[in-house]
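The values are calculated or read from the model by the stated rules, or taken from the named source; none is laboratory data. Remember, predicted model here, so these are calculated numbers, not experimental data. As a convention, Cβ positions derive from the backbone with ideal geometry for all residues, glycine included, and neighbour counts pool all protein chains shown. These area figures cover heavy atoms from the full protein model, side chains too; ligands, DNA and RNA do not enter into them. Shrake-Rupley method; radii C 1.70, N 1.55, O 1.52, S 1.80 Å.
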Amino acid sequence: MSKIEEYLSEFDDYELAYFAKYKLDTYLKNSQENINQILFKRGLTKSRIKNLIENNPKSKLDDNKERCPRCYSDKIRKDKVEYTNESNGGSLGIAITAYNATNGKVPYKNEVICNVCGFWLKDPNNEKPKMFITRFLSRFLTKKED
Ligand SMILES: [Zn+2]
């Protein structure tokens, strides 16, 4: 099983539908073909995806789980990020700041992203519009403390 196959096997049909609508485009062409095959195997045609999203029963759920306001999945990812409010520099600036900081002097905040549809629930550093690659770079340079 490929990584993406494994990842998507944990999604129910509704989650997969949102994933197809909002996240598919963010993958490289090769991966997109892979994902399309998985969608095909699970019977998620374009019209079925549309239908699943329109009739998502989770929107009526009233439990205490933290859910994504867009797709209502509880597959939410929380990352601790250095909280910087600098208006210039963007993600790269943050990465460099973090790289230079030695021991936890930078305040941390939770960055909360939906794992299914990519919706940002919390974006302490206003990173959302930035390119994925700079986020990756900032992760790479950032030592996470858990
Ligand atoms: Zn979502």
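Using R₀ = 25 Å, calculate the FRET efficiency as 1/(1 + (r/R₀)^6) where r is the Cβ-Cβ separation of Asn110 and Lys75; round to 0.05. Before the final figure, lay out each step's value.
Details: r = 16 Å, r/R0 = 0.63.
After rounding, the FRET efficiency stands at 0.95.
Find how much the distance from Asn36 to Lys128 grows on full extension, using 0.36 nm per residue of separation minus their present alpha carbon separation; answer in nm with one decimal.
Details: separation 92, 0.36 × 92 = 33.12 nm, distance 2.58 nm.
Taking Asn36 through Lys128 to full extension adds about 30.5 nm, to one decimal.
Any idea what log10 I(q)/I(0) is at q = 0.22, 0.25, 0.31 Å⁻¹ for the stretch 3-58, Debye with uniform C-alpha scatterers and no solvent?
After summing over all Cα pairs, the log10 values are -0.80, -1.03, -1.45.
Compute, for Thr45, the solvent-accessible surface of its heavy atoms (probe 1.4 Å) with the complete set of protein chains present, and express it in square angstrom to the nearest 10.
Approximately 80 Å² for this residue.
Suppose each label sits 7 Å from its Cα in the direction of the beta carbon; what would the Asn55-Ser9 distance come out to in nanometres?
Each label point lies 7 Å from its Cα, and together they span 2.8 nm.
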